[in-house]
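The values are calculated or read from the model by the stated rules, or taken from the named source; none is laboratory data. Keep in mind that what you see is a predicted model, and the values were worked out from it rather than measured. As a convention, Cβ positions derive from the backbone with ideal geometry for all residues, glycine included, and neighbour counts pool all protein chains shown. We work out accessible area using only protein heavy atoms, side chains counted, and drop any ligands, DNA or RNA first. Shrake-Rupley method; radii C 1.70, N 1.55, O 1.52, S 1.80 Å.
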Amino acid sequence: MNEKLHTLITLLLAFQSDPDWWPGSSVFDIAVSAVLTQNTSWNNVSKAMERLKESGINNWERILESKDLETVISPAGFYRRKAATLKNLAELMLKNPQPSREELLNLKGIGPETADSILLYALGKPEMVVDAYTYRVLKSCGLVNEPFNYEQIKQLLITALGQDATNVDILKRVHAAFVEVGKNYCKKRPRCEECPLNRKEGPL
Ligand code: SF4
């Protein structure tokens with residue numbers, strides 16, 4: 001199992017060389033988009049981010065002041081819940097711009113995937129992000145079983161990465177590669193023949 005997982009990580013890293021793939025150039029943009037992307041496509045997130053920009057909501061103070069945040073972010077769906085989460089996050093970020101994982105997880109509406117995305121991509125902390133694509137690829141390769149368990153999968157990957165688990169760029173690249181492979185190849189009907197993880201030198 002470990003050898004297979006190491007091979008998979010090597011292939012993922014060979015496939016994805018860009019650590020800066022998450023759109024957004026500020027902590028604010030990346031953290032907000034990490035909340036907005038819950039249960040929706042990136043296309044909808046982009047529309048909501050554009051509307052935030054047009055409305056001048058470009059920092060945490062403005063999030064707290066906004067009276068029509070729900071309307072502004074509505075293209076991202078689940079807008080009532082997401083607006084409430086953004087207000088909670090804004091309060092925390094103003095109090096502590098470098099929140100811990102525990103502080104993020106204590107906020108209503110922020111689960112482990114969103115917390116780790118904020119920590120890794122917005123704040124540059126060494127956290128492994130696990131998502132539905134990660135699970136699908138690992139399951140298809142026979143490396144995890146049902147049911148989905150976020151912390152177990154995260155720990156499995158951290159252990160396999162060893163020292164690289166402290167390297168922020170590597171963590172970003174591994175997650176990015178899982179997303180790309182899951183989205184484009186490891187679908188309901190897997191496109192194994194074209195998949196970058198299907199190499200004759202590897203056991204996948
Ligand atoms: S598409 Fe095929 S080779 Fe690629 S990860 Fe999925 S099951 Fe494995």
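Residue 17 meets the conditions (1) within 12 Å of the chain's Cα centre (by Cα); (2) under 18 Å from residue 168 (Cβ atoms) in every case but one. The failed one is (1). Exactly one residue out of 183, 187 is within 16 Å of the ligand (Cβ to nearest atom), in a helix (DSSP H, G or I) and farther than 17 Å from residue 128 by Cα, and it is 183. Out of the residues in the stretch 110-157 that are charged (D, E, K, R) and part of a helix (DSSP H, G or I), state the one that is surrounded by the most Cβ atoms within 10 Å (Cβ to Cβ). Step by step, filter the stretch 110-157, then rank; the result is 116. Within the stretch 181-192, residues that are open to solvent by less than 70 Å² (accessible area, probe 1.4 Å) reach partners that are small (Gly, Ala, Ser) and more than 6 Å from the ligand (Cβ to nearest atom) with beta carbons closer than 9 Å, at six or more positions or on different chains, in the pairs 182/132.
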